[in-house]
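Written out below as structure tokens is the structure these notes cover.
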Amino acid sequence: MRKLIRARTNQIAGRGPQFCMLERGKVVGWIGYTHLEQDNASIEIEYWIGQAFQGRGTVTKCCRYLVDYAFDHLALERVVICTAEENTHSMRIPLKLGFRREKVLEKADRIHGREINLVLFSKGTSDE
């Protein structure tokens, strides 16, 4: 986790705020904004949580807060979440929050040296 936080801290340039997710005072993951597009009034949310802490609603709760903040305080019109196509657990989060599945981005990321497809979910102020 320390290694991940250090790497994320080094990537802050061009990104929005990044946050640690805590459970009982222990860091269990991170979440943050990325890919702010002022012209499109759009932002993406990225997250990661340790396997032992999944399924407790932590990421959903944190995402809900960041979505609300993006619309209510940053006056953005669209929020995007991309998940690995094979990560069905992660795909449930945007769906629970009322995002719509928009498209599959083929070979859009690499995990452990392997190209993967991402599923792009979006929610706009007009979707509410």
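Since every read-out is calculated from the coordinates, none of them should be taken as a lab result. Small disclaimer: the values here were computed from a predicted structure and weren't measured. Backbone-built Cβ (ideal geometry, glycine too); neighbour counts: all protein chains shown.
Once the chain from CYS20 to GLU86 is taken as fully extended at 0.36 nm per residue, the excess over their C-alpha distance is 21.3 nm.
Annotation: peptides 37-50, 74-87, ranked by per-residue average of other Cβ atoms within 10 Å with the highest first, follow the order 74-87, 37-50. Considering only DSSP beta bridges with both partners in the chain, what is the antiparallel share in %, to the nearest 5? Roughly 90 percent of the DSSP beta bridges within the chain come out antiparallel. Highest mobility in the GNM of the chain, judged by mean-square fluctuation with C-alpha springs under 10 Å and restricted to LYS103, LYS61, LYS26, is found for LYS26. Apply the a/c threshold of 1.5 to the C-alpha gyration tensor of the chain and tell me whether it is rounded, prolate or oblate. Rounded is the answer for the chain, as its axis ratio a/c remains below 1.5. Structure remark: mean-square fluctuation, Gaussian network model of the chain, C-alpha springs under 10 Å; the largest value among GLY57, GLY98, GLY25 belongs to GLY25.
Distances between placed amide hydrogens fall under 5 Å for GLU23 paired with VAL28, all partners being 5 or more residues away or on another chain. 3J(HN,Hα) along segment 101-117, derived from phi through the Karplus expression 6.51 cos²θ - 1.76 cosθ + 1.60 where θ = phi - 60°, amounts to 6, 9, 6, 9, 9, 6, 6, 8, 8, 10, 10, 6, x, 10, 6, 10, 8 Hz, with x in place of Gly and Pro. Using the Cβ-Cβ distance between ASN40 and ASP68 with R0 set to 22 Å, the FRET efficiency works out to roughly 0.70.
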